[in-house]
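Shown next, in structure tokens, is the structure this report addresses.
The values are calculated or read from the model by the stated rules, or taken from the named source; none is laboratory data. Keep in mind that what you see is a predicted model, and the values were worked out from it rather than measured. Backbone-built Cβ (ideal geometry, glycine too); neighbour counts: all protein chains shown. In case anyone asks, the SASA skips ligands and DNA or RNA and just uses the protein heavy atoms, side chains included. Shrake-Rupley method; radii C 1.70, N 1.55, O 1.52, S 1.80 Å.
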Amino acid sequence: MFRASENEAPCARPSARYDHRQFEAVYRREAPKLLSFLKPRIWQEEDRHDLVQEAFTRLVASRSTAATSNPGAYLQGIVRHLLADRARAWAKAQSFDPVTYSAGNDIAGPDTVAEINDMRERYRSAVETLPPRTKEVFLLHRAEELGYRQIAEQLDISIRTVEWHVAEAIVRIGKSIGNAHG
């Protein structure tokens, strides 16, 4: 199931950090937790499974030490980021158009809009509380979509330091959002 063919992208290849048994153990332990976390947030079961699959794909492809030292937290961070990415993509696709609204087409209700705005605000607040250098690295990676190498060159730091700051940001944001959410 997780073996890459010659045509698949490099990110689909299993990392040397996990052998088959280790990966299977992590999957059996963490996938149900992630699905449970996603259940109230994603209505369609198929979408929940897709997000979990994407999270595990990113875990396997990761070179971060955080991915191996604490895969549960790392996966939780990935899923939270995937949710945020999903919300951003949805928000970009949606725009309030009075003509569309008056035509009676489906538009998010006030509860959904409030929930999305609340999630955005919690995310922004969490990012704002990051230490300055971690915040800078994280925003260059997530907002400016720069690669680790580009960030390292721009800030004159090592790629490992960039990886550490991004992982630290993910963990701190995850904790902050988790605490704010209950």
Q.
I need every pair where a residue in region 53-66 that is within 13 Å of GLY77 (Cα to Cα) and open to solvent by 40 Å² or more (accessible area, probe 1.4 Å) has its Cβ under 9 Å from the Cβ of a residue that is in a helix (DSSP H, G or I) and among the β-branched types (Val, Ile, Thr), sequence separation at least 6 or different chains.
A. GLU54/ILE78; GLU54/VAL79; ARG58/ILE78
(Q) For region 107-141: of the residues being open to solvent by 60 Å² or more (accessible area, probe 1.4 Å) and of a type in the set (Lys, Arg), which is farthest from GLU168 (Cα to Cα)? (A) ARG120
Q.
Would you confirm whether or not region 172-181 contains a residue that is surrounded by 14 or more Cβ atoms within 10 Å (Cβ to Cβ), over 24 Å from ARG41 (Cα atoms) and without any contact (Cβ under 8 Å) to a residue 60 or more places away in the chain?
A. no
Q | helices (runs of 4 or more DSSP H) enclosed by region 12-85 - at least 1 residues per element that are at pLDDT 85 or above and of a type in the set (Phe, Trp, Tyr) | A | 20-38, 45-61
Q: Identify all residues within region 40-89 that are in contact with an Asp or Glu (Cβ under 9 Å, 6 or more places away or on another chain) and among the aromatic types (Phe, Trp, Tyr); write none if there are none.
A: PHE56
Q: Would you check if there is a residue in region 91-103 being open to solvent by 90 Å² or more (accessible area, probe 1.4 Å) and either at pLDDT 90 or above or acidic (Asp, Glu) (or both)?
A: no
